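Reviewing the structure listed below.
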Amino acid sequence: MNRFPTAAHLVSWAKFCPQVHASAGKTKNKGRGGGNPWLAATPGNIAAAAARTDTFLGARYRRIARRRGKQKAIVATGNTLLTIAYHLLTDPEARFHDLGADHYESRINKERHARNLATQLQAATGQKILIRNGKAVILEPEAA
């Protein structure tokens, strides 16, 4: 593993990251590079299997697949798998600890999320909405 200075170098060598071609100020996504099909199939198969599990990798796959599609989610999850493998192989003291399927949910600030939703609702309806003690309060417009 000394051949790869960082995990990103390993992922790039394995061709398990998206390519971007830029010319004349325009960028085009070109999918993944060619690389070794046997090497690319392994993280892809593991990512597809992990998608059906109740783990951090399964949650990551489902979160990305919902927004970007299944194929991009497999590439992103495979990228994460290779990054984990790199860190486990380079550091003999490292141990794998799954973050859990609720990792992303636990990192969301509930109050900020409620304020953002209230702001969106206020923009859509035109009503003044405040969040007080965890409850949405609709303020009546003052008579002028």
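Structure remark: mean-square fluctuation, Gaussian network model of the chain, C-alpha springs under 10 Å; the largest value among VAL20, VAL75, VAL11 belongs to VAL20. Fewest neighbouring Cβ atoms within 10 Å first, the residues TYR104, TYR61, TYR86 line up as TYR104, TYR86, TYR61. Multiplying each eigenvalue of the alpha-carbon gyration tensor of region 65-144 by 5 and taking the square root yields semi-axes of 44, 17, 8 Å, largest first, rounded to whole angstroms. Per-residue Cβ neighbour counts within 10 Å put PHE4, PHE16 in the sequence PHE4, PHE16, beginning with the fewest. The GNM of the chain, with springs linking C-alpha atoms under 10 angstrom apart, assigns the highest mean-square fluctuation among GLY126, GLY44, GLY25 to GLY25. Between GLN120 and LEU39, full extension at 0.36 nm per residue minus the direct alpha carbon distance yields a gain of 24.6 nm. Adding -39500 (n - 2.57) for every DSSP H run of four residues or longer, then dividing by how many residues the chain holds, sets the calculated 222 nm ellipticity at -16500 deg cm²/dmol.
Extents of region 58-106, taken as max minus min of Cα coordinates on every principal axis and listed largest first, are 36, 24, 10 Å. Mind grabbing the base-10 log of I(q)/I(0) for region 7-90 at q = 0.10, 0.20, 0.26 Å⁻¹? Debye formula, identical points on the C-alpha positions, no solvent, two decimal places. For the requested q values the scattering log ratios are -0.25, -0.91, -1.28. Result for the chain in a Gaussian network model with C-alpha springs under 10 Å: among ILE129, ILE74, ILE46, the largest mean-square fluctuation is at ILE129.
Placing pseudo-labels 7 Å out from each Cα toward the beta carbon at LYS128 and ALA8 gives an inter-label distance of 4.8 nm.
Our Cα-only numbers for the chain put the radius of gyration and Dmax at 21.7, 73 Å. Distance cut-off 22 Å, Cα to Cα: go down the list LYS15/LYS72; LYS70/LYS110; LYS72/LYS110 and report the pairs above it. LYS70/LYS110; LYS72/LYS110, as the Cα separations exceed 22 Å there. Neighbour counts of C-beta atoms inside 10 Å place LYS15, LYS135 in the sequence LYS135, LYS15, starting with the fewest. Of the GluC sites (Glu not before Pro) found in region 56-130, the ones in coil according to DSSP and having at most 12 other Cβ atoms within 10 Å of their Cβ are GLU93.
Only the coordinates and a few stated rules stand behind these numbers; no lab work does. Bear in mind the structure is a predicted one, so any value in this text is a computation, not a measurement. Neighbour counts run over all protein chains shown; Cβ positions are idealised from the backbone, glycine included.
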